[in-house]
């Protein structure tokens, strides 16, 4: 035996004993497909499940199977009904054939969730209406009436509930667990007004990415709980650290989520005054609401001259003008541009400026109409929605809302209104005049119809009818926009 081998002999024996223990203890266990990687968020190593199928590949309809027993699922629903809380429960999930064990699953959404469960808009977790109050019904004969009765059976509720939106959090119970680098994904329904085509969010997000704005990835999926039949849903990326890292040069800022009908008025220096309107999503332990409060104070208290001259010190005004123009052109009234919903604010601590981020567009493409949840306007009203509109959209009796001095003051300023119009022209040319939105609708419908032929994800006649309705809206919206003084002749403009 060589001198070097003699010196290292005890170490070799020790390693051999460790290997023997590992083989004895784990030799009968199944090896789960994952890699050790930093994932999309970088930093420390994490347990990451991988797949040969990219999670948001839009060229196919994915498959997501939730493995959760009836008792656990019913407890999740009951907890929300009784308390309004959306707590995470243990489950396994199979995504495109890859099983991820012990994930966290909770209910998500507001109006779409309460509509699916038939619990009304008051009571625990409600919007400020009377307990048990249901969303108002539209005028007789209008399409897409809210309510579970109009939604297909056999959604994520497995026959118990229909079209229930969910959040899957891979690392809720297993630290560092990810799927293709994602901590969470959203399982989305068609929203409060059921639409079999499910085109609103995928098309809207695709168009948002087309114009160069930060957009959450979205794709179609068949969703089933246990052995229940698959139904057509969408999966969506969640706005969190990884999203900020991808879209911003500086990812060390603070992300704030606007809650339902958030109030953007300054309400003093006490952070608790903003608890119902905003949630801090990142840097929770080493940052606070101070940048947000400072921003709200400025937009509420600055005089008109100061507002015009200094707003770009607090806000990315070009991005905000594009955000407003985009939502108004595509009639996404379930946004800050309408009801004050579904947006995030990212504070860049290096530039000192906020950026408004769009989130959750499943009520886009005129689905809410010009009249909000109650849809008092006809479908024609959606197609002729005023591109300058800043009036709050009706949100139903008793639902709380708030002031939005940013929106009203921005559009009242000649300087910023001109910026809005500039962005509107560019967006119109890229989305409508180019035919991009019609091409995207055709691409998505081909994908769904191909999958539906073998998987029966959605009733064919209902799907075809819904697609035709969306195409009709887009055609009428394009015609309306082309006839406006602002956009007339823009199809050939440079």
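Every read-out reported here was derived from the displayed coordinates using simple, explicitly stated rules and does not represent laboratory data. Every value quoted in this text rests on a predicted model; they were computed, and no experiment measured them. Quick reminder, even Gly has a Cβ in these numbers, built from the backbone with ideal geometry, and neighbours come from all protein chains shown.
In segment 417-494, if every C-alpha pair distance is counted and binned at 5 Å from zero, what percent goes to each bin?
Spelled out bin by bin, segment 417-494 gives 3, 14, 21, 18, 13, 10, 9, 7, 4, 1, 0 percent.
What spacing in nm lies between the two simple spin-label points modelled at residue 272 and residue 439, each 7 Å away from Cα in the Cβ direction?
Each label point lies 7 Å from its Cα, and together they span 5.6 nm.
If you take the beta carbon distance between residue 81 and residue 408 as r and set R0 to 35 Å, what does 1/(1 + (r/R0)^6) give as a FRET efficiency, to the nearest 0.05?
0.40
Quick one: check the C-alpha center-to-center distance for segment 160-212 versus segment 448-489, whole angstrom.
Segment 160-212 and segment 448-489 have Cα centres spaced 21 Å from each other.
According to the square roots a ≥ b ≥ c of the eigenvalues of the Cα gyration tensor, what is the shape class of segment 219-324, taking rounded for a/c under 1.5, prolate for a/b larger than b/c otherwise, and oblate for the remainder?
prolate
For segment 297-358 and segment 223-264, compute the distance between their C-alpha centroids and round to whole Å.
Cα centroid of segment 297-358 versus Cα centroid of segment 223-264: 19 Å apart.
When a footprinting reagent is the concern and you count Cβ atoms within 10 Å, what order do 72, 484 take, fewest first?
72, 484
Please rank 313, 230, fewest neighbouring Cβ atoms within 10 Å first, as an exposure proxy.
313, 230
Between residue 479 and residue 455, what is the FRET efficiency for a Förster distance of 30 Å, r being their Cβ-Cβ separation, to the nearest 0.05?
Taking R0 as 30 Å, the efficiency between residue 479 and residue 455 is 0.25.
Which ordering of 344, 266 is given by a fewest-first count of other beta-carbon atoms within 10 Å?
So the residues, fewest neighbours to most, are 266, 344.
At each listed q (0.08, 0.11, 0.16 Å⁻¹), what is the log10 of I(q)/I(0) that the Debye formula gives for segment 249-455 modelled as equal alpha-carbon point scatterers?
Values, matching the q order: -0.31, -0.58, -1.12.
Which order, highest average first, do 105-113, 322-330 follow once you tally other Cβ atoms within 10 Å for each residue and take the mean per peptide?
Per-residue Cβ counts within 10 Å, averaged per peptide and sorted highest first, yield 322-330, 105-113.
Measuring from label point to label point, each 7 Å out along Cα→Cβ, what is the residue 294 to residue 446 span in nm?
Each label point lies 7 Å from its Cα, and together they span 5.1 nm.
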